[in-house]
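Written below as structure tokens is the structure these notes are about.
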Amino acid sequence: MQRREFISLLGGASVLPIAARAQQQAMPVVGFLHVASAGAMSHLVAAFRQGLKDSGGDGNVPMEFRWAEGNYDRLQTLAADLVSRRVAVIITGGGENLALAAKAATSTIPIVFNIGNDPVKAGLVSSIGRPGGNITGVNILTTEPRRRRLGLLHELLPKVAVVAHLVNPNYPPTGAIVESVEAAARTLDRRIMLLKAGNDSEIDAAFASISMAK
């Protein structure tokens, strides 16, 4: 399994080089760590396997899946379990905390991440050009687009004074997300109505609050 076979599946704005290669095994097993549930991410698994086929690999390569079911406290245990299974590579999805959990669990098994924040600032790699160690991945650069989306909204609706912003309080990078949006709002002289929702009932309540604020 070559690094490019995995990276090509993930897409994104910034792809980092990797120092390590997957372990040579007769039947390499791919470890897959995600914060969501299997049902919610079934389309991504299908796309992953299709990507392997498209890049000349085996779409039926054995895979060990570990799903946190939205519980970030389980990440360290799940990552350690993948390491104990001696997988050839660990793919993480769902944010920097998964990549950090995998990095803490092994310094030898290659790790491929997909995150929206700066991987250097997150402590995942030494630099973009030379990440070092056994970890590489894709940075989809979502922080700047958040600011730009707010700016675009301001251009489309310049008279709107208050903008509702819905976040998941259980998602560890939420603090950084809120900071970036609030900073952009101050620049545009707009007020952010911050709403937190971590499950279906809280989402319904959040939208009810938005409706009442009109």
Cα-projected label distance for SER126 with ASN60, points at 7 Å along beta-carbon direction, nm: 4.2 nm
Full-extension gain in nm, TYR72 to ASN199, via 0.36 nm per residue minus C-alpha separation: 44.3 nm
Cβ-based exposure ranking for LEU98, LEU194, in which fewest neighbours within 10 Å come first: LEU194, LEU98
Sorted by Cβ density within 10 Å, fewest first, the residues MET41, MET193: MET193, MET41
Part-to-part distance (alpha-carbon centres) for the stretch 135-214 and the stretch 75-122, which is given in Å: 27 Å
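All of the numbers you see were taken from the coordinates with simple rules; none came from a lab. None of the values given here were measured: they were computed from a predicted structure. So basically every Cβ, Gly included, is an ideal-geometry build from the backbone, and we count neighbours across all protein chains shown.
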